[in-house]
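Asks: Below you'll find the structure I mean.
The values are calculated or read from the model by the stated rules, or taken from the named source; none is laboratory data. Since we're looking at a predicted model, the values are computed, not measured. Note that we place each Cβ from the backbone using ideal geometry, even for glycine, and neighbour counts take in every protein chain shown.
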Amino acid sequence: MPIYALGDRIPTIDPSAYVHPDAVVIGDVWIGPHASIWPNATLRGDYGTIKIGARTSIQDGTVIHATAELPTIVGDNCVIGHIVHLEGCTIADGSLVGSGSVVLHRCIVETGALVGANAVVTNDTTVPSGAMALGVPARIITDAVAPGAFEAAVAMYVANAERYRSELRQISR
């Protein structure tokens with residue numbers, strides 16, 4: 001798997017985390033215990049810090065970046081869908097960001113919130129706990145997500161990462 005230091009910016013990856021061989025991790029990136037980083041995801045901590053919490057999955061094709069002033073932080077027990085773009089934002093514990101979504105600078109997705117597929121959460125937006133952000137630009141629907149709604153998905157990705165760690169093998173190049 002391509003894991004790169006950039007000058008003095010060196011990734012820190014918990015030994016229990018799973019990083020797929022086709023994912024790219026560069027620079028100041030922290031990946032927590034039992035997190036999973038899937039094929040073609042790119043985590044580029046060249047200007048700022050990226051932190052991925054425990055048991056969080058970063059799915060295929062997702063791009064995570066940070067600015068020098070704005071880290072990108074994803075909490076514990078989160079599901080970040082396919083082809084998501086996160087930059088300079090905070091995704092709190094137990095949240096889900098749906099496939100194709102964009103979450104931009106200074107946004108906060110609070111605990112247990114959901115960003116719907118293909119939504120664009122524009123600069124300085126807060127998605128409250130238990131709310132959904134849907135559409136382009138995203139509109140907020142409060143009290144729409146039950147507590148713990150994403151626990152099964154989190155558990156599934158933790159188990160799938162263990163399966164990949166033990167069973168994945170390349171058979172052709």
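Asks: So which pairs qualify, if the first residue must be in the range 39-63 and without any contact (Cβ under 8 Å) to a residue 60 or more places away in the chain and more than 18 Å from Y4 (Cα to Cα), the second must be outside any strand (DSSP E or B) and of a type in the set (D, E, K, R), the Cβ gap must be under 6 Å, and the two must be at least 6 apart or on different chains?
Replies: Close Cβ pairs (under 6 Å, with a partner that is outside any strand (DSSP E or B) and of a type in the set (D, E, K, R)) amount to G53/D76; A54/D76.
Asks: Let me spell it out: the conditions are (1) under 17 Å from C78 (Cα atoms); (2) more than 21 Å from the chain's Cα centre (by Cα); (3) among the hydroxyl-bearing types (S, T, Y), and Y157 meets all of them except one. Which number is the exception?
Replies: Of (1) under 17 Å from C78 (Cα atoms); (2) more than 21 Å from the chain's Cα centre (by Cα); (3) among the hydroxyl-bearing types (S, T, Y), only one is false for Y157: (2).
Asks: Let me ask you something else. I'd like the residue in the range 1-17 that is in contact with a His (Cβ under 8 Å, 6 or more places away or on another chain) and not acidic (D, E) and, out of all such residues, is modelled with the lowest pLDDT.
Replies: Checking each candidate, the answer is M1.
Asks: Considering (1) modelled with pLDDT of 95 or more; (2) assigned to a loop (DSSP other than H, G, I, E, B), say which one I171 fails and leave the rest.
Replies: It fails just one condition, (1).
Asks: Which residue, of G81, G53, is farther than 18 Å from D14 by Cα, touching a Gly at 6+ places or on another chain (Cβ under 8 Å) and not aliphatic (A, V, I, L, M)?
Replies: Residue meeting the stated conditions: G81.
Asks: May I ask you to list the residues in the range 120-151 that are touching a Pro at 6+ places or on another chain (Cβ under 9 Å) and assigned to a loop (DSSP other than H, G, I, E, B)? Break it down stepwise before answering.
Replies: Let us first name the residues in the range 120-151 that are touching a Pro at 6+ places or on another chain (Cβ under 9 Å), namely 120-122, 125, 129-130, 140, 142-143.
Matches in the range 120-151: T122, T125, S129, G130, T142, D143.
Asks: Looking at the range 73-109, which of the residues that are within 17 Å of V136 (Cα to Cα) and of a type in the set (S, T, Y) is surrounded by the most Cβ atoms within 10 Å (Cβ to Cβ)?
Replies: The selected residue is S101.
Asks: In the range 83-96, what count of residues is obtained for those that are on the phi < 0 side of the Ramachandran plot and touching a residue at least 40 places away in the same chain (Cβ under 8 Å)?
Replies: Number satisfying all stated conditions: 3.
Asks: If A117 satisfies every condition in (1) more than 18 Å from H85 (Cβ to Cβ); (2) touching a residue at least 24 places away in the same chain (Cβ under 8 Å); (3) in a loop (DSSP other than H, G, I, E, B) but one, which is the exception?
Replies: (1)
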